[in-house]
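The values are calculated or read from the model by the stated rules, or taken from the named source; none is laboratory data. Worth saying up front: this structure is predicted, and the values here are computed from it rather than measured. Methodologically, a virtual Cβ is constructed for each residue, glycine included, from the backbone with ideal geometry; neighbour enumeration extends over all protein chains shown. Please note that ligands, DNA and RNA were not included when accessible areas were found on the heavy atoms of the full protein model with its side chains. Shrake-Rupley method; radii C 1.70, N 1.55, O 1.52, S 1.80 Å.
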Amino acid sequence: MKHGYYLSLLMSLALPVSAQQWITARQPLDGKWEIQSAAKVKEAGNTISAVNFSPDHWYPAKVPGTVMASLVEDGVYKDIFFHNNMEHIATDPFKDPWWHRTTFQLPAMAPGQVVQLQFDGVNYRAAIWVNGKQVAADTVRGGFRRFTFDVSTLVHAGTNVLAVKVTAPLPGEPTIGFVDWNPAPPDKNMGIWRDVQLLLSGPVTISQPFVQTTVDTVAYKRAAVTVSTLLSNESNTPVTGTLEGQIGEEIRFSQEVTLTPKSSRQLTFTPLQYPVLNIRNPRLWWTRDLGKPELYQLSLQFKTGNTVTDQRNIRFGIRQVSDYINADGHRGYILNGRKLLIRGGGWTDPMLLNATPDYERAGIDYAVQMNLNTIRMEGFWGNNEHLYNLCDEKGIFIMVGWSAHWEWDNYMGAPADDFGGIITPEQQFIAAQSWKDQIIWLRNHPSIFVWVYGSDKLPRPALEQQYLDILRQYDPSRPSLSSAHDNTSTLTGPAAVKMRGPYDYVPPDYWYIDEKNGGAFGFNTETGPGPQVPLLESLKKMIPADSLWPISSAWMYHAARGEFHNLDYYNNAMEKRLGKAVSLEDYLRKAQYLNYEGMRAMLEAFTANRPTATGIIQWMYNSSWPKLWWQLYDYYLLPTAAFYGARKAGEPLHISWNYGRRGVDIINNTAATAGQLKASIHVMDAALKTLYKKDTLITGLLPQNAAHLPALAVAPATGTWYLDLQLEDQGNTVSRNFYVLSSRQDVLDTAKTNWYVTPQTSFSDLTALQQLPPVKLEMQSKLTRKNDSTFASVVLKNPGNNLAFMVHLDIRRQSGETVVPVFWEENDFTLLPGESRTVNGYVHTKDLQQQPAVVSLSGWNIVPIHQ
């Protein structure tokens with residue numbers, strides 16, 4: 001069904017129903033909604049929710065969604081992300097509640113039919129009416145809570161009305177927040193931001209299904225599955241029936257039960273009691289870098305006689321997740337008995353919480369394309385399960401938990417202490433209930449490997465104990481983490497992860513040589529080399545043409561907030577290392593080089609330093625609005641060069657430069673031992689004169705491991721120099737990596753390290769890149785369409801005697817816009833004189849908008865070509 005609902009209708013809602021037959025269905029209420037400010041509506045909820053009420057001058061709205069998102073779509077506010085337009089939007093219209101109203105149809109229903117109304121998320125308070133009757137008042141509060149109401153006696157065949165009065169969060173209420181990532185939306189994300197649906201069933205309902213799995217992690221020959229669910233008798237009479245379960249075609253199990261009136265009971269099927277749940281030769285769920293993410297289907301149904309009263313279908317994966325602390329005191333994670341390096345980025349939902357399925361699909365496909373295995377969701381958990389389903393299917397781990405937004409008074413809008421801003425009994429109640437609701441909602445997704453219930457800080461002990469009790473009861477199947485910072489809890493001990501920066505620009509060698517803060521050791525839950533300035537095409541969508549150059553305050557509005565409301569460290573490093581930018585074009589080519597170089601180095605350092613390094617989360621992964629900071633691809637889905645640096649660093653078999661040892665690393669990021677590999681090292685001076693060449697054979701490189709070749713014997717005494725690395729497996733080139741290096745080192749000023757950056761006292765000299773003459777490449781491109789994709793195969797040759805640097809390919813519509821999402825095998829690469837390369841990529845054909853595709857070539861010193 002739409003939005004990835006896992007249940008299908010057992011019968012059409014249009015069919016007549018006999019007295020012995022109940023409708024069992026999940027009916028989303030995502031059709032026609034209308035909204036209006038309560039300041040402009042005089043009528044009360046009982047009147048507004050009546051069928052004969054006619055909304056006058058109400059706005060069309062989307063649910064799930066926020067008030068602001070609907071008003072933008074309706075054209076009330078235009079171009080809110082361009083320049084500083086959002087600054088001029090008044091917040092007063094959102095201080096009053098906003099009405100949300102919709103109608104829905106129901107067929108005639110048999111006696112005993114149960115109709116429940118379920119809200120997966122309302123931000124922040126809601127009063128609810130159905131057909132003129134109030135269902136709930138201010139007990140509906142908390143943006144991450146879920147509520148279900150029995151409305152069986154309030155609904156009828158034909159047209160029904162639902163009206164919801166939504167109030168925005170007040171200061172001090174634990175709501176959705178963006179911390180220092182970007183400005184806050186004017187409406188504070190008020191609205192029905194997650195799904196609303198009707199749950200139709202007979203007298204006995206099935207809820208809270210849960211599948212837990214354990215795996216034989218030695219031989220992978222056996223797995224044990226435990227299934228539980230909650231049965232509720234909504235009627236006034238006892239009901240006896242059978243709960244039946246089925247996994248695939250062969251595994252069937254059942255249990256008879258009698259439920260007293262208005263009672264609930266949890267039923268559990270264990271492998272000990274039901275040997276059929278001991279599965280031989282299971283198909284295991286793996287992250288994409290370790291194997292295939294296999295999935296199973298569980299069907300549950302409750303029957304009285306031969307009549308089904310309710311059913312649920314649950315997709316799950318057989319896998320076992322655990323954590324460990326290594327000899328150095330750093331936490332790591334184990335999947336199916338195998339240690340793996342967490343490699344990912346911090347995900348954010350769009351600022352208006354209006355992500356589309358295509359947007360989320362592009363984001364997870366990009367994670368696969370970048371050779372990552374994880375996203376971290378801090379306080380943004382999606383407006384439905386679609387994102388989680390994608391990660392289940394693609395083999396992407398999810399690290400999910402609360403946001404630092406609740407932990408600081410300037411973001412919370414209320415006092416905070418050493419344990420954050422969740423202080424009062426009311427705040428703690430909302431936080432704990434929200435935690436419970438999210439755990440129950442999402443716990444069947446194999447992609448979720450850890451619950452994180454603190455970010456910058458620990459929750460206060462009393463609240464942490466509530467979190468732990470909830471986890472013990474509702475999900476003992478996976479690890480939890482008390483904080484994303486290296487804090488120590490009195491209840492659970494050290495978090496054993498780190499959050500010590502950097503968040504601003506640092507040079508590539510930082511990740512290799514830093515041993516105290518964010519360097520490549522332990523699990524760094526959020527860090528990165530700072531800004532990732534986007535391409536010109538995106539800049540033009542956020543900054544006025546007359547403010548594009550020189551850099552102006554219009555740029556800064558689209559920087560991050562707090563200490564990051566600038567580009568100072570980034571621009572200083574650009575000037576010192578690459579030379580002062582003389583034009584916008586010059587600035588942007590240098591920015592993309594910094595993006596690529598910095599991201600590649602960080603991820604290479606962590607993969608090379610296993611097992612000392614256990615995890616790295618790039619801060620951030622994507623963008624909630626058009627900005628200059630913390631993004632591997634921008635708000636418009638256009639990759640920055642950091643995207644391709646990440647992809648390069650995560651190659652299955654990879655060769656890289658170690659800035660710390662000043663030697664070469666051979667890295668195996670796969671789950672299999674590598675055969676005989678040949679590493680080729682080629683050192684050149686700035687004039688491309690060969691100074692050193694050597695081939696080295698490496699045999700039997702273990703999975704998730706690295707071989708470290710000796711420090712490089714030869715390098716130029718002065719100036720910029722080049723390092724060309726290639727790795728062959730069985731004669732096939734599997735990795736090519738090109739570095740621009742300097743005889744003058746980047747030197748860190750470690751004495752001045754703070755929580756977000758380590759400054760520099762000296763900078764590498766890469767200014768020879770400014771002298772590269774223009775290069776005209778020979779290009780042949782071929783475009784083909786297959787199924788829903790358009791593929792590009794591009795053959796490039798450098799016919800001259802000069803370096804072709806940061807060669808960049810795009811697939812564009814004939815009208816000129818770059819098509820996104822786009823998936824290139826590689827990009828922003830370098831071609832030596834005489835070198836040829838074939839590069840393949842593709843886009844989704846629908847994104848061409850029925851225009852012909854054009855391959856576009858550009859780069860640092862490349863004469864542009866469009867074919």
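Expressed as a fraction of 2.2 N^0.38 Å, the rule-of-thumb size for a compact globular protein of N residues, what is the C-alpha radius of gyration of the stretch 30-77?
Working: Rg = 11.3 Å, N = 48, 2.2 N^0.38 = 9.6 Å.
Scaled against compact globular proteins, the figure is 1.18.
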Shape box of the stretch 248-343 [Cα atoms, principal axes, largest first, Å]: 58, 29, 25
Efficiency of FRET between E817 and V51 - r from beta-carbon atoms, R0 41 angstrom, step 0.05: 0.30
The stretch 633-668 versus the stretch 817-867: alpha-carbon centroid distance in Å: 19 Å
Value of Rg to Rh for the stretch 780-862 (Rh from inverse mean 1/r over Cα pairs, i.e. Kirkwood): 1.00
For the stretch 393-494, diffusion coefficient by Stokes-Einstein and Kirkwood Rh (Cα), 20 °C, 1.002 mPa s, µm²/s: 153 µm²/s
Amide N of the stretch 460-483 lying under 19 Å from the label point, which is placed 7 angstrom from the Cα of W755 along Cα→Cβ: 460, 482-483
The stretch 38-124: mean projected area of Cα convex hull, nm²: 8.0 nm²
Rg to Rh, two decimals, where the stretch 139-232 supplies the alpha carbon set and Rh follows Kirkwood: 1.13
Mean Cα-pair separation over length for the stretch 633-764, i.e. relative contact order, pairs under 8 Å, 6 or more apart, %: 21 percent
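Ignoring ligands, DNA and RNA, how do D665, D56, D96, D765 rank by accessible area with a 1.4 Å probe, largest first?
Numbers: D665 0, D56 105, D96 65, D765 40 Å².
Descending accessible area places them as D56, D96, D765, D665.
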P(r) histogram, all alpha-carbon pairs of the stretch 401-449 included - 5 Å bins from 0, percent: 5, 20, 23, 21, 13, 12, 6, 1
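Test of understanding: express the Cα radius of gyration of the stretch 531-632 as a ratio to 2.2 N^0.38 Å, with N the residue count. It would help to have the intermediate numbers written out before the result.
Values: Rg = 14.8 Å, N = 102, 2.2 N^0.38 = 12.8 Å.
Cα Rg divided by the expected 2.2 N^0.38 Å: 1.16.
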Net charge, I35 excluded, C-beta distance under 10 Å - Lys, Arg +1, Asp, Glu -1: 0
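From the alpha carbon gyration tensor of the stretch 96-254, can you work out the equivalent ellipsoid semi-axes (sqrt of 5 times each eigenvalue) and give them in Å, largest to smallest? Walk me through the intermediate numbers first.
Details: eigenvalues 242, 154, 29 Å².
Equivalent-ellipsoid dimensions as semi-axes: 35, 28, 12 Å.
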Pairs of Cα atoms farther than 16 Å apart, the stretch 437-561, %: 72 percent
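Determine the gain in length on full extension of the stretch D358-V218; use 0.36 nm per residue of separation and subtract their C-alpha separation, reporting nm with one decimal. Could the numbers behind the result be given before it?
Numbers: separation 140, 0.36 × 140 = 50.40 nm, distance 3.91 nm.
Gain in length upon complete extension: 46.5 nm.
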For the stretch 318-363, alpha-carbon Rg and Dmax in angstrom: 16.1, 44
Semi-axis lengths, Å, the stretch 693-804, gyration tensor of Cα atoms, sqrt of 5 times eigenvalues: 33, 24, 20
Listed pairs K62/K95; K165/K394; K540/K776; K62/K436; K457/K576 exceeding 30 Å between Cα atoms: K165/K394; K457/K576
For L701, solvent-accessible area (1.4 Å; no DNA, RNA or ligand), Å²: 10 Å²
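How would T424, T758 rank on accessible area, largest to smallest, probe 1.4 Å? Intermediate values should be presented prior to the final figure.
On the way: T424 60, T758 5 Å².
If we order T424, T758 from most to least accessible, we get T424, T758.
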Solvent-accessible area, 1.4 Å probe, carbon plus sulfur percent, for the stretch 479-611: 53 percent
Three-way shape label, the stretch 742-826, alpha-carbon gyration tensor, a/c 1.5: oblate
Spatial separation of Cα centroids for the stretch 219-248 and the stretch 84-156, in angstrom: 30 Å
D409 accessible area, 1.4 Å probe, all protein chains in place, Å² to nearest 10: 80 Å²
Surface share of carbon and sulfur [accessible, 1.4 angstrom probe, percent] for the stretch 333-374: 51 percent
The stretch 192-278: mean projected area of Cα convex hull, nm²: 8.3 nm²
Value at 222 nm in deg cm²/dmol, rounded to 500, when DSSP H runs of n ≥ 4 in the chain each add -39,500 (n - 2.57): -4500 deg cm²/dmol
Area projected by the alpha carbon convex hull of the stretch 208-367, averaged over all directions, nm²: 14.1 nm²
Euclidean distance between Cα centres, the stretch 337-370 to the stretch 37-83, Å: 31 Å
Rounded to the nearest 10 Å², the accessible area of R283 at probe 1.4 Å: 100 Å²
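Provide the per residue accessible area, probe 1.4 Å, for the chain, rounded to a whole number of square angstrom.
Details: 31820 Å² over 867 residues.
The answer is 37 Å² per residue.
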Cleavage-rule hits (trypsin sites (Lys or Arg not before Pro)) in the stretch 74-106: DSSP loop, at most 12 neighbouring Cβ within 10 angstrom: K78
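Report, to the nearest whole %, how much of the accessible area of the stretch 698-853 belongs to carbon and sulfur atoms, 1.4 Å probe, protein only. List each step's numbers first, then the result.
Values: 3360 of 7180 Å².
With neighbouring chains kept in place, the figure for the stretch 698-853 is 47 percent.
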Span per principal axis, largest first, for the Cα atoms of the stretch 329-483 (Å): 44, 39, 28
Cα Rg, Dmax (largest Cα-Cα span) when computed across the chain, Å: 28.5, 91
